[in-house]
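See below for the structure under consideration.
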Amino acid sequence: MTIESVDAFTVRARAWVTNNLPPRGDQSMTEHELQALLFDAGFAGIAMPKAYGGAGLTLRHQQAFYDEAALGYRVPTLFSVSIAILGVTLLDTADDVLKERHLPRILRGEERWIQLLSEPSGGSDMAAALSRLERDGDDWILNGAKMWSTAAAAADWGMCLARTDFSVPKHSGLTMVCVPLKNTPGVTIQPIRHANGVLADFCQEFFDDVRIPGDHVVGAVNEGWKVAKVLIAHERLAAGGAAHGYGLTARSEGGGGARTADPAVLVKAAQQRHSTTGLRQKIADAYIERRVARFANERIATGIRIGALEPGWGSIVKLHMGMNSPRESKIALAVHGCDGVVWDGDEPIAGNAGEDWVISRGPALGGGSNEMQRNLLAERLLGLPREPALDTSVPFSEVLSNRRKSTPKG
């Protein structure tokens, strides 16, 4: 089947964007209205199959559309996680029932999805999940806790990794399940206070005897780790604004994505101060870093799309963002000067450079820490020896028993 050429699509997209999207900064439409507008015009899920509400085109078409939209127009970013991470994971791993039920609603902005992976006791070891999923007739009963879940308080659904078998090694006894989060008995969601002193969209969730229908399982029972690996690969690409996340995250230029570190914002801020050669060089460095990141993202995304690279290369995108975010925030502080560390919300250019700096370490942790990305790149892509692990080949119940025995009492 012949699909529309990228050149022809670009012409069509340019005309539609010009005539339909509001200018950047125009808040006359809500994010939900904007997403519905894109969906109804066939520009949501551009690289997803038509059978599930997408346009049936390619990631190159998606890039062309958002490159046109980037020329001064506003696009919705609220659903980037739902579409570029969870939606694509459903597309790759779920059965037709789940895909037909949820993907069109995700693409239209009618359902907002998040991931429920990290746990209070697990640290960076996602496979050590203690949340328990047990059979009860045709249903499942979920008990446990998750945390650091972005936007959980506003989400409709969560994709949750839980343990269904404690008698096998930890990676083998996990199952991924779709959990309805709104008005669901047994679900409690609590916001977590951010480092900048305000309640952010990070949350902790508690599940107490939550009943979930049997057809909400993603993939096969006890094979949730396979689904989790797919999800993580999409997350790392999307975090850097690559692949299905291109344009949806407002970070297609790469870098950390802080508004106050945007090169154009830095130039305006420097013009209001006595700009030195050192400051001008820092601004140039920020610009170069973002451009190089974008080219690297495109190369990796293209390689994955054509099969020349495996999805694990997305860790490079994620690692760069984790490294560049604090670097960018320091440049922003230097350029904005006093306006960057004292703010009252009225600064039209400087904004909250100080606040961006306070939270700049977030990208180095969310979606897997920098250290985890380096391990993945070293072991899976470069073929270097893995670090010794004593808990991957024994039953997880034995791991827990040994952990309790080795924990000091009193």
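Tabulated values for the structure
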read-out: Gain upon complete extension [THR58, ARG291; 0.36 nm per residue less C-alpha separation]; value: 81.6 nm
read-out: Accessible area of the stretch 113-231 belonging to carbon and sulfur atoms, whole % at 1.4 Å probe; value: 50
read-out: Probe 1.4 Å, protein heavy atoms only - accessible area per residue of the stretch 6-108 in square angstrom; value: 41
read-out: Extent along principal axes [Cα atoms of the chain; Å; largest to smallest]; value: 64, 58, 45
read-out: ³J(HN,Hα) computed for each position of the stretch 94-108 - Karplus, 6.51 cos²θ - 1.76 cosθ + 1.60, integer Hz, glycine/proline x; value: 8, 7, 4, 4, 5, 5, 5, 6, 10, 4, x, 6, 5, 5, 8
read-out: 0 to 90° range, to nearest 10: angle between helix 31-41 axis and the chain longest Cα axis; value: 90
read-out: More than 21 Å apart - percent of Cα-Cα pairs taken over the stretch 1-126; value: 43
read-out: Degrees, to the nearest 10: 277-306 long Cα axis against longest axis of the chain; value: 50
read-out: GNM result for the chain, Cα springs below 10 Å: residue of LEU21, LEU71, LEU142 fluctuating most strongly; value: LEU71
read-out: In the chain, lysine pairs closer than 18 Å at Cα, eight or more apart or cross-chain; value: 11
read-out: Chymotrypsin sites (Phe, Trp or Tyr not before Pro) within the stretch 139-191: DSSP coil, no more than 11 neighbouring Cβ in 10 Å; value: none
read-out: 10 Å Cβ shell holding at most 11 others, DSSP loop, trypsin sites (Lys or Arg not before Pro): longest site-free stretch of the chain; value: 1-385
read-out: Share of carbon and sulfur in the accessible heavy-atom surface of the stretch 1-59 [1.4 Å probe, %]; value: 56
read-out: Long-range amide H partners of GLU119 with built H, under 5 Å; value: MET147
read-out: Residue-normalised accessible area of the stretch 113-231, given per residue in Å² at a 1.4 Å probe; value: 41
read-out: Share of pairwise Cα separations in the stretch 61-192, more than 27 Å, in percent; value: 26
read-out: Surface per residue (accessible, 1.4 Å probe) for the stretch 252-382, Å²; value: 51
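The values are calculated or read from the model by the stated rules, or taken from the named source; none is laboratory data. Computed from a predicted model, the values in this text were never measured in an experiment. When we count neighbours, we look across all protein chains shown, and the Cβ atoms used for this are built from the backbone with ideal geometry, even at glycine. SASA here: full protein model, heavy atoms, side chains in, ligands and nucleic acids out. Shrake-Rupley method; radii C 1.70, N 1.55, O 1.52, S 1.80 Å.
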